[in-house]
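Heads up, the thing below is written out as structure tokens.
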Amino acid sequence: MKIKKIMGMIIVLILFLGAGYFLLRRPYQEYSLNLFYMDTYIQIKFDTKKSRDDVKKIKEEVTKIYQDYHELANRYTEYGQNVYYLIHNTSEEEVITVDPKLYELLSYGETAYQESNGLLDINMGCVIDKWKYYRERKEGIPTDEELESCNSVNRLVLLGENQVLNNHPNIDLGAIAKGYATEKVKEYFESVGITSYIINAGGNVVVGTPQNKDYYQVGIEDPNDGSVFKVLKVTNQAVVTSGGYERFYEYEGHKYHHIIDPNTNYPSEYMKSVTIITDDSALADQLSTTLFLMSIEEGKAYIERYPNVEVIWYSNDDEIIMTEGVKKYE
Amino acid sequence: MNKQDGILIFILIILSLLGMAFFYLSEKDGPKKAVVYYEDQVVLEIDLTQKEEKTYQVEGFNGMVTIESKDGKVKVASENSPLHLCSKQGYISSSYETIVCLPNKIVVAIEANDSLDAVAK
């Protein structure tokens with residue numbers, strides 16, 4: 001009799017503990033954050049056990065990172081000592097000081113210029129604007145005189161200690177700012193212990209390690225019809241595609257897109273798209289543009305100096321060419 | 001252990017099973033749905049498992065945005081913006097597709113279970 005009573009109490013106790021566990025444990029919760037910066041819709045999802053207050057703070061911090069780089073890299077509106085200021089300031093000073101974060105980003109651009117032998121050039125603002133003018137009208141192309149007038153624009157000169165020569169260089173950070181800011185967000189997530197996250201900044205995708213499955217599935221868009229031609233299984237990687245098929249216009253039977261080759265001052269036409277897979281989002285952004293500006297053969301040789309970078313080219317003849325290591329993501 | 005003890009234990013077992021079932025079901029992902037955001041706020045969720053055509057309206061930055069769903073697809077039917085890019089886009093039905101109405105700060109995203117997490121483009 002007594003044993004049965006004790007048994008009964010034990011069962012009740014177990015049930016209460018079980019119920020308590022279900023009620024009190026704090027499970028992983030999924031949170032999402034949608035932002036509009038750098039002309040892009042940025043969609044972020046992350047999983048964490050952190051409290052609501054902590055999550056609120058994290059969302060504010062992530063928003064601030066994107067907003068900061070949006071403002072620093074902005075060519076059309078002045079926000080403090082940003083790119084607009086660099087181009088248009090009326091100061092008589094020979095040397096000006098820019099925001100330290102912008103200086104770091106400009107230095108990153110300078111390094112990318114060196115590494116790419118001049119192909120990825122942040123000094124292309126003037127030429128980009130000439131093309132943008134016609135792209136927005138969906139008619140005509142810049143004249144040779146218009147493009148040549150850009151030759152007289154000064155190049156950026158970095159002087160160290162956040163100082164640059166005040167020679168009004170026409171900077172455009174479009175090829176690197178998004179990937180650079182996203183890398184900062186990734187670093188922030190990791191610093192606060194969030195490992196399960198996916199960031200989609202207008203098709204530049206960066207993922208951590210998902211909490212509830214083995215990997216994230218990232219598709220790559222087919223430049224011909226917008227479908228998905230390949231699915232990658234990735235963790236802790238950035239997947240970034242450059243292509244001419246999203247932003248372009250057609251004039252006299254020819255398509256003109258937005259990625260300009262500094263050697264010709266015309267849109268580059270080596271391929272339909274190129275996708276980079278690597279763990280650094282800033283590098284992925286930089287390399288996708290760089291590889292888009294050279295032939296596939298040149299790209300294959302160029303990429304050898306970067307370990308752990310995988311590439312998928314989509315050629316003009318609709319051939320898909322991949323580096324050996326893409327296999328591990330299939 | 002008398003009869004009342006037995007009944008009590010029985011009731012507790014049933015209650016805890018119900019509790020577990022509740023938590024299990026609420027944690028499982030729901031079926032396919034469209035989620036409409038205004039900036040970062042979810043303003044509408046549309047069940048995409050229903051076949052018949054349905055029309056919804058949400059408040060965008062430039063006024064009302066009309067959204068239609070049918071046969072597991074969803075589209076923005078009308079909105080007020082300079083280029084009408086998002087109403088020109090038409091229906092979407094896969095989880096990697098989104099409709100972005102930048103001027104109205106409205107985003108329509110599809111959530112489903114067995115699908116891609118993102119698409120690089």
request  = For segment A:254-286, name all the residues that are under 22 Å from A:Phe189 (Cβ atoms) and not in a loop (DSSP other than H, G, I, E, B).
outcome  = A:Ile276, A:Ile277, A:Thr278, A:Ser281, A:Ala282, A:Leu283, A:Ala284, A:Asp285, A:Gln286
task = Output the residue which, of all residues in segment A:27-67 that are more than 11 Å from chain B (Cβ to nearest Cβ) and in a loop (DSSP other than H, G, I, E, B), is nearest to A:Tyr180 (Cα to Cα).
result = A:Met38
request  = Report yes if some residue within segment A:157-177 is buried (at least 18 other Cβ atoms within 10 Å of the Cβ), out of contact with any Ser or Thr (no Cβ under 8 Å at 6 or more places or on another chain) and in a helix (DSSP H, G or I); otherwise report no.
outcome  = yes
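Within the group A:Thr77, A:Thr63, which residue is in contact with a helix residue (DSSP H, G or I) (Cβ under 9 Å, 6 or more places away or on another chain) and among the hydroxyl-bearing types (Ser, Thr, Tyr)?
Values: A:Thr63 fails: in contact with a helix residue (DSSP H, G or I) (Cβ under 9 Å, 6 or more places away or on another chain).
Among A:Thr77, A:Thr63, only A:Thr77 is in contact with a helix residue (DSSP H, G or I) (Cβ under 9 Å, 6 or more places away or on another chain) and among the hydroxyl-bearing types (Ser, Thr, Tyr).
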task = State which residue is farthest from A:Ile198 (Cα to Cα) when the search covers only segment A:272-304 and only residues that are surrounded by 21 or more Cβ atoms within 10 Å (Cβ to Cβ) and touching a Pro at 6+ places or on another chain (Cβ under 9 Å).
result = A:Leu293
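Within segment A:68-86, is there a residue that is loosely packed, with under 13 Cβ neighbours inside 10 Å and under 30 Å from A:Glu250 (Cα atoms)?
Applying the first criterion (loosely packed, with under 13 Cβ neighbours inside 10 Å) to segment A:68-86 yields A:76-77, A:80.
Subsequent filtering for residues that are under 30 Å from A:Glu250 (Cα atoms) retains A:76-77.
The answer is yes; a qualifying residue exists.
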message = Looking at segment A:290-307 only, could you name the residues that are aliphatic (A, V, I, L, M) and in contact (Cβ under 8 Å) with a residue 24 or more places away in the chain?
response = A:Leu291, A:Leu293, A:Met294, A:Ile296
request  = Would you mind telling me which numbered condition in (1) over 16 Å from the mean Cα position of the chain (by Cα); (2) over 19 Å from A:Asp317 (Cα atoms); (3) modelled with pLDDT of 95 or more A:His258 fails?
outcome  = (3)
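The values are calculated or read from the model by the stated rules, or taken from the named source; none is laboratory data. Keep in mind that this is a model prediction, so the values were computed, not measured. Ideal geometry is used to build each Cβ from the backbone, glycine not excepted, and the neighbour counts take in all protein chains shown.
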